[in-house]
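Visitor: Below are the structure tokens for one structure; questions will follow.
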Amino acid sequence: MKNTLLKVENLTKAYTPGEIVWQKVNFELAKGDFLYILGGSGAGKSSLLRTLASFEQPNEGKVICHGINLQNSSRSDLSRLRKRISYIPQNLGLIPDLTLKDHVEISQMGLPPSEIVDEAQLQAYLQLMGLKDKWNKPIQVLSGGERQRVAIIRAISRKADLLIADEPTGAQDFEMTWKLMDLFVKLNMAGTAVLLATHDLEMVRRLRKRCAILKDGNFKVEDRS
Ligand SMILES: Nc1ncnc2c1ncn2[C@@H]1O[C@H](COP(=O)(O)OP(=O)(O)OP(=O)(O)O)[C@@H](O)[C@H]1O
Ligand SMILES: [Mg+2]
């Protein structure tokens, strides 16, 4: 049987009545799936991912993640659920005065050792992302690309089985973009389901995965694999 992690049913969003951002979004994501969310600027990628990560409510429809209905769950259920999702928001959501170390520690807070990456893995991520010497630096002294990589490390420092990444390489150079994409593919091959928003068609062309396209408020999954 399919191991469904995320089930999205008839989801609709309008910030202003009558101004639909997306409507009747339906799809499922199972363990080990990889789905790109494609769409131009303003198409609704970030608002959809924020909703799926439980930080925003839809106007209609439902999201069931790990069997929990995001629309009518308690605050404690929601906070437990968020610990099971690695979310990389487009706006990063970092706290300028806190260090990289603080962000990782907050992300891992309250989780048992089995649900966080071990020290060797964390060091390997820092090395790969060129952040070893930034561990104790406050976010405000880091570059834009470094900040984005902090948001990535914060997200993947937990062993979650769903990664929601909103243009996670938008601030990276070519070489780092591909190191990071390689990392996401490895996580995916190890069983993590990945939802990745991008408008980088070159990336989609090089790394062929299932795509969903958001256009004019409609969401359509295409099979390109
Ligand atoms: N909090 C909000 N209140 C009102 N309108 C919003 C809000 N957030 C997003 N929007 C609107 O919803 C639409 C979709 O925005 P969203 O950020 O999801 O697009 P996007 O596809 O992620 O774009 P980009 O590629 O530029 O990041 C836009 O028209 C935006 O102005
Ligand atoms: Mg966006």
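The values are calculated or read from the model by the stated rules, or taken from the named source; none is laboratory data. What you see is a predicted model, and the numbers here were worked out from it, not measured in a lab. Counting neighbours? That spans all protein chains shown, and the Cβs are built from the backbone with ideal geometry, glycine included.
Visitor: Looking at segment 209-221 only, could you name the residues that are under 21 Å from residue 162 (Cβ atoms) and free of Cβ contacts under 8 Å to residues at least 60 places away in the same chain?
Guide: Passing the criteria: none in range.
Visitor: Return yes when residue 74 is more than 16 Å from ligand 2 (Cβ to nearest atom) and surrounded by 21 or more Cβ atoms within 10 Å (Cβ to Cβ) and no when it is not.
Guide: no
Visitor: Does any residue in segment 7-18 that is over 23 Å from residue 33 (Cβ atoms) and modelled with pLDDT of 95 or more come within less than 6 Å, Cβ to Cβ, of a residue that is within 12 Å of ligand 1 (Cβ to nearest atom) and outside any loop (DSSP other than H, G, I, E, B) six or more places away or on a different chain, and which pairs are these?
Guide: Every condition considered, the pairs that remain are 14/20.
Visitor: So, one more: Looking only at segment 162-182, which residues are within 17 Å of residue 87 (Cα to Cα) and either surrounded by fewer than 17 Cβ atoms within 10 Å (Cβ to Cβ) or among the hydroxyl-bearing types (Ser, Thr, Tyr) (or both)?
Guide: Within segment 162-182, 169, 170 meet the criteria.
Visitor: So, residue 125, is that one under 30 Å from residue 13 (Cα atoms) and of a type in the set (Phe, Trp, Tyr) or not? Spell out the reasoning first.
Guide: Working: under 30 Å from residue 13 (Cα atoms): no; of a type in the set (Phe, Trp, Tyr): yes.
Considered against the rule, which asks whether it is under 30 Å from residue 13 (Cα atoms) and of a type in the set (Phe, Trp, Tyr), residue 125 comes out as no.
Visitor: From the residues in segment 77-103 that are assigned to a helix (DSSP H, G or I) and among the charged types (D, E, K, R), which one is surrounded by the fewest Cβ atoms within 10 Å (Cβ to Cβ)? Full working, then the answer.
Guide: First, pick out the residues of segment 77-103 that are assigned to a helix (DSSP H, G or I): 77-82, 100-103.
When the remaining residues are screened for being among the charged types (D, E, K, R), the result is 77, 80, 82, 101-102.
On the way: 77: 15, 80: 14, 82: 16, 101: 12, 102: 16.
Among them, the one singled out is 101.
Visitor: Quick one: which residue in 101, 45, 62 is more than 16 Å from ligand 2 (Cβ to nearest atom), in contact with an Asp or Glu (Cβ under 8 Å, 6 or more places away or on another chain) and among the basic types (Lys, Arg)?
Guide: Exactly one of 101, 45, 62 is more than 16 Å from ligand 2 (Cβ to nearest atom), in contact with an Asp or Glu (Cβ under 8 Å, 6 or more places away or on another chain) and among the basic types (Lys, Arg), namely 62.
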